[in-house]
Amino acid sequence: MRLFTAQAMREADRKAIDLGYPSLLLMDAAGRRTAKRLLERFAGRKIVVLCGKGNNGGDGLVAARWLAHWGHEVAVYAAEGQEGDAAMAQQALRAHGLEINPLSAWKPQPHSVVLDALFGTGLRGPLEGFYAELVENINQSGLPVVAVDMPSGLPYQPHIRANLTVALAGLKNEHLFYPHRTACGRILLDSIGMPPRALDNPHLPELLSSANMRALLPIRPGNAHKGSVGRVLVVGGYRSYTGAPSLAALGAYRTGAGLVTVAYPADCDVVPPLEAVRLPLFEWNTANLQMARADAVAVGMGAGEGGVEAALAALGLARPTVLDADALHERVLRAYAQSGLPSIITPHPGEASRLLGLSAEQIARFPLEAAQTLAQRYPGLVVVLKGGPTVLAWTPPGTSETRMAVNSTGNPQMATGGMGDVLAGVIGALLAAGLSAWDAARLGVYLHGLAGDQSQKPGLLAHEVAETLPEAVEQLRSGSARDFWEPGYD
Ligand SMILES: NC(=O)C1=CN([C@@H]2O[C@H](COP(=O)(O)OP(=O)(O)OC[C@H]3O[C@@H](n4cnc5c(N)ncnc54)[C@H](OP(=O)(O)O)[C@@H]3O)[C@@H](O)[C@H]2O)[C@@H](O)CC1
Ligand SMILES: [K+]
């Protein structure tokens, strides 16, 4: 499954037409299915359909026709100047005897639901004048709004704040990234019958879905023993950051690691989980770290000033590695990129900002671009740029194309201390279980977010998320993990 931009969706639309698929069929499916979705939630209210002159408006005209056909009370307000498919939709609506009112005549009507079919992927800039005012009036009316494809006005201001958005053919950036996602309300996805070949575009980011992630779960053989399912070495801790390596160890164990060793400075008060092997060290060097037999390493959590030294010492172990927090320095990243070892870096926007020389606000605003830039700067390293949502990027060595993925699990309550440490442990366990760096990173962020989604209450703590990981793994394995968008009828 891919994550689209408005432009990429227009290309998919063109591709469908090139394949011979009649565009009017897409519009009919879009309108009809949106109408059904509206009825599921808002049956009994009068339906007011507001249509622009483009194809988003055309979808609205189709929806109005079906709603009237099914016997519901519908009022239609539309801009003038429809062409092509939208003009046909208008013709069909007139044939059903429905009156079309000018958009300027719309006034909020009590107990109505608004179907927002003003603008979709064809918007080319912020709404102004009449349309800006209309959007503000709709928002201020307090009436429930169902948006066709996306709330009109996005990604600019002003835009509609919808209760429900029916995304057509695929999810777009606005449906995933905050703050725009908030304006969508609940998100439903409908394929509208778009030929899959038209949507197939390997250059777009992968959207991590339950079906794809389920296929990556490692299988625990019947004769498993603790040495065969993955041994993780966690390296970190410094002064007041003694909890970080312990949380990583917990994350690793709860994801299925067979044995976790925690290496930490001997003069630090680190208290690893009871089940972990303790490795207090007076010096970070490879020989010392070799005392732990590890299939994968997670290094840097709470390592403070010792982060660089610890990560360079861990490089000598030549194991797949997760580099987190205080290990995330230019020197370390260069060395790991050159080593060719499967390695993953897990910066948050602040750490990415230090690496890229950009502000954390810029990183948070353009996460796809930031992750891609890091992946191109350090070929071979899998970049996990943490955020809402987390973005992944990887430039396989010897290639120039960067693969991108966007996570679909997780919630804002997970923005608390220690959450990243747990994630590093989760990914470490998956590396130790034998997954490739790209697979371990994608499945790791997905599971970590899914665990966080079990409780979306304020005050969620990192160790609680770690404790919920087994439930998340089980949910994914059993097929009961749900994607946040609800799939359509097909
Ligand atoms: N994906 C698919 O395959 C399918 C997609 N479908 C649907 O098509 C939708 C996309 O339709 P679209 O391309 O016609 O664009 P749309 O959003 O209706 O807006 C265009 C209108 O907006 C206007 N306009 C632009 N900027 C403006 C501004 N700043 N301020 C004011 N006006 C502005 C522009 O006017 P113009 O500048 O051209 O005069 C034009 O009239 C998509 O979201 C989905 O709902 C389905 O029907 C079936 C399959
Ligand atoms: K819309």
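Just so you know, all these numbers are worked out from the coordinates, no wet-lab data involved. Keep in mind that this is a model prediction, so the values were computed, not measured. Backbone-built Cβ (ideal geometry, glycine too); neighbour counts: all protein chains shown.
Of note:
- Bridgeable aspartates and glutamates around LYS15 (alpha carbons under 17 Å apart, same-chain partners fewer than 8 residues away excluded): ASP85, ASP200.
- Here's the list of aspartates and glutamates a cross-link from LYS107 could span, going by alpha-carbon distance under 20 Å and ignoring same-chain residues fewer than 8 apart: GLU73, GLU80, GLU99, ASP116, GLU128, GLU133, GLU136.
- ASP326, ASP200, ASP453 arranged by Cβ crowding within 10 Å, fewest neighbours leading: ASP200, ASP453, ASP326
- Each of the GluC sites (Glu not before Pro) that DSSP puts in a loop and that has at most 16 other Cβ atoms within 10 Å breaks the chain; the longest unbroken stretch is 129-274.
- Fewest-first sequence of LYS53, LYS226, LYS107 by Cβ atoms within 10 Å of each Cβ: LYS107, LYS226, LYS53
- Each peptide in 402-411, 294-303 was scored by the mean count of other Cβ atoms within 10 Å over its residues; highest first, the order is 294-303, 402-411.
- Looking at the chain, the DSSP beta bridges with both ends there are about 15 percent antiparallel.
- Residues THR373, THR121, sorted so that the one with the fewest Cβ neighbours within 10 Å comes first: THR373, THR121
- Between the helical axis of 419-432 and the longest alpha-carbon principal axis of the chain there is an angle of about 70 degrees.
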